[in-house]
Amino acid sequence: MELSISSRQVSRGCGIAITLFGIYGIIGSIISSSMVALYQGSYVPVSPISPILFIFLGVALIVSDLHYPAVKPYSLIISIITILMGINYLAESGGGINTGFHSTLLTLFPSVIVEKAGMMSPVSALSFIFIGISAFSLIKGYNTYGGLPATIVLAISSTFIFGYIFGSPLMHQSSFIPVSLPSAIGFILLSVGYITQAGTNFPPLSLFSGESSRAILMRYLLPVIICLVISLKFIDHLITESFQLNPAIMVSIEVLIALVIITAVVIILSATLGRRLDTINVSLVESEEKFRTLFDMAPIACSVMNTQEDLILINKYLENMTGYSSSEILGRRGDEVGLFSSDERIHLSEKLKKQGYLRDEEITVLTRLGEVRSQLASSSLVMLQGERHILSTMVDITDRRRMEDDLRKTKDQVTGIAETIPGVVFQFYAKNSGEMGLSYVSKRAFEIFGEQGDLSSFLQKLISGLVPDDREPFLASINQAIKEETRWYFEGRFVKPSGDLLYFRGVSAPVREGDELVFSGVILDITGQKETESALLESERAYRELFNNSILGIFRITAEGEFINLNPAFARMYGYDSTEDMKRELKCFGESQYLVPDEWRTIRDILARDGEIQKYECEHRRKDGSNLWVSINAKVIRNDSGDLQYVEGTVEDITKRKFAESELIRKQNELRAAYLQLAGVEEELRHQYSEIVDAQNEIEKREKKFRQLFEANIAGIVLHEIITDESGIPCDYRYLDANSAFERITGHSFADIALKTIREVKPDCDPEWIKKYGKVALTGEPIHFESYDVNKELYFDVNVYSPEKGQFATVFLDMTARKLAENAISETNAYLENLISNAFGPIMVWDNDFIITRINRSCENLLGKGADSLISKNLLDLLSADQAEALIQKINLFPDHRVRDTIELKMEHQDGTTRTVVWSMSTIMDPNKEYPVATIAQGWDVTSERELEKERVMAIEKINENIAKIAILNDGIRNPLSIMACIIDSTDDPEIMKLLNNEIQRIDQMVTNLDIEWINSEKVLNFLRRHDYGH
């Protein structure tokens, strides 16, 4: 509750008075009856519970503005107890219902209850109920209703007080228990305390506060009327009892007193209202001037039309936006000028007549240059100089519409890429209730896994198709990722319906969305990778051979320059016999090797900033002290956490080239001397250009000054006056004026804060903002910033400027839609970048002219080249002529270049080796699916497979050669055997004949065995041919 200082003092003072009043009554009841004569007068005794409630309520008033945790609960409990006590006594004394509370009280505390302490009056009980309601409303923040019940209590108690003053207490000697005089006094103090606690901005004090004519009349007339009536009644009562005058004389005296009082009040009111009217007239003139100034300076298009819709007033922003001057527009309708069509004007006019206003109607405006711009138009009917006019504003949303179109296109591109990436893009959800499942799976899932079915059954089919040993680890990995809310990673094996074994790798990252944990990721077919992992050892051996035999110096060092690894060429370049000698003599590669030590720090700074350095030339020292010019290429290698792991690179000896360049520099210096003769003319031209630029900047500053706004229906605008201390330092500022958009956007009524200072409205405001706003108001320098309202979840674009010295205006526009669009685009781009960059297989994107526009890290590793050296290069330049022609022919086979096929290309690695790569290509279409914009391809390195095929062909050729040789050998052996058999037949010695026949049969058996092996070899060869191993 925001109270002025005077109201807080009155409220606290009433609280102190009623607390002391209640304590006085309780102490008097305990000590002696004479001490409470006022409480126990001859009229009515006081109820014993009243002073106790007075104390509790008084303490609540005293501590109401203290910021302690217990204050609010205490006040809330006391207000509820007061209401319940009032209801109880109203039932007992007014309704005749015996609740037993009062009799119990007399029984429990007989020593503190004096003889004349009686039952509470039903009017007192009702007053306690109203006071309790008032206290409860103020605690809950319902200030509007907090003062009204207290006002009723004040009126009732005042009536009883007057009855006691004039000796005729109300309800005395009636069937109802009357109100005691002390109770009436206590209720007056309580009601005044709670009325002032409600504040001057809420009833009933709001009727008397402020400088309005109503408030002035209420402040003067109501007290005068009340005092006049009381005075006349008192005089009548006094004269009647003291003097026996003629009634005519008494009436004359009363009329004379009334005339004197009324005349004095009329004179004071006339003077006060006259000054008020003069102030209002001056304020109206100043407001009109401010409106005109702020209207022209508004940063949105503003116009005023008459009832015939002719433009009679426009601001500078509208002129600049449309390109028309005021002389070309004023006196004409917008459709006559050509700003918009007649149909659009008629539609808006009919809608304005029907509902009396227009709010955020989207229209298109045609500028003088023919540019079509989207606008949000708002209009309202206003009275100017006694006539009805139409005030309109237009907010340019052309950029926002373009941003929305870009967002829609980006979304279509992401969907297209997800469907064309040679992997399975998926989204998996897990709810807190334990429910889990797939919310999205790209079409490639059914193509890769060979399973057909809807989204709800795909996960179960995937689990069923896993190799039995992989099912339990697969489910455990999912449960662990869900439990720890970490990235999910799994490699497993899947048996397709065809029986083929598929190796796959799945990876995803979680995002918490309410009670759901959403994993977005990709599943890749790594069957080819698994088959080629065996070739990695051979690749490592080849790399080591290249490292040791390279003519370039290759090194790997820590961030401090300590050697991790270097090749022999590096050691020889610096004059060392071996790498071990160099490591032993040089602990690190740092400043000592540089002829200019600062160059070592420069290289470290470049590596820290850019992560790599290319062709950096500097002069080093060899072991023998001689100079060595080198060209350094190096790159920072970081671990998965982003921390620097090591630096690796190459060093090339360029000493000979540097000596040749020094001669070239000498000749260039001679040419530079001639060039300097022309510098004077150039300097003069620069000076003239600088003056032109300064003049242009001054024009832009003046133009910007006249594009600021105070009053419009879309932007919220508040005008403030800065307050400085005795030293001229800003210490506070006051609210002067605000437009309706301020109330609509903030939800606050300006009437509640008008002419108040920020410290009154918000005591805990940040003094730093007062300094910033004070600088704007005193220096005229505007500021701009963006703000976010956490409660309303809205973003605002805020401009602060000074319309005149000592004042500043804040203009804020709702930019939530633009911010949300920017965030959505950023999230989409980040997701797309992460999806492509982290893909296991190499991915390359080229446009319709074969210009490479994107590659991932795997593609860089495949070609041994960085993205900077490949992007913007023509893909065909990386291929041989026949390979480039094959690629072009492959793409031309498809109508409209809608490619979805594979091609095998030979590509050269940075180290000079040739890699055979099978590329799976797919076309990326424009968002409307009308024409291709690029081609995306994922590759598989099949170099090892192709080399194995060559070796198999050579083996088959060798088998053919051996089979032919076996056939010739068989014939060559059998022919001599036949001759030998004929010779044996002519031999007479039977032993020799038998011996020779046995040897001939043994040799013949050997030849027969060769025939069998030959036949078997033919079978093997035919088997290889049938299974396409030899081609």
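Quick notes on this structure:
- For ALA934, nonlocal amide neighbours, meaning residues 5 or more places apart or on other chains whose placed amide H falls under 5 Å from its own, are ILE924.
- Rounded to whole Hz, the Karplus (6.51, -1.76, 1.60) HN-Hα couplings of the stretch 930-939, x for glycine and proline: 9, 8, x, 10, 6, 10, 10, 9, 10, x
- Ordered by the number of other Cβ atoms lying within 10 Å of each residue's own Cβ, fewest first, LEU181, LEU366 fall into the sequence LEU366, LEU181.
- Rounded if a/c under 1.5, otherwise prolate or oblate - the stretch 550-664, Cα gyration tensor axes: oblate
- When the GluC sites (Glu not before Pro) in the stretch 311-390 are filtered for DSSP coil states and for at most 15 other beta-carbon atoms within 10 Å of their beta-carbon, the remaining sites are GLU371.
- For the stretch 191-197, putting each phi into the Karplus relation 6.51 cos²θ - 1.76 cosθ + 1.60 with θ = phi - 60° gives couplings of 5, 4, x, 6, 5, 6, 5 Hz, in residue order, rounded to whole numbers and with x for Gly and Pro.
- Radius of gyration and Dmax over the Cα atoms of the stretch 856-934, both given in Å: 13.9, 43
- Residues with amide H under 5 Å from that of GLU617, placed H, sequence gap 5 or more: ILE632
- Residue among VAL522, VAL507, PHE446 farthest towards the positive dipole end of the stretch 443-538, charges placed on Cβ: PHE446
- Computed over the stretch 403-533: relative contact order in percent, which uses C-alpha pairs under 8 Å that are six or more apart: 24
- Above-threshold pairs, the threshold being 31 Å between Cα atoms, out of LYS72/LYS819; LYS873/LYS929; LYS583/LYS865; LYS635/LYS819; LYS431/LYS819: LYS72/LYS819; LYS635/LYS819
- In the stretch 745-813, the trypsin sites (Lys or Arg not before Pro) that fall in loop regions by DSSP, at most 11 other Cβ within 10 Å: LYS805
FYI, it's all coordinate maths here, none of it is from the lab. Fair warning: this is a prediction, and the values are worked out from it, not measured in the lab. Reconstructed Cβ throughout: ideal geometry from the backbone, glycine too, with neighbour counts over all protein chains shown.
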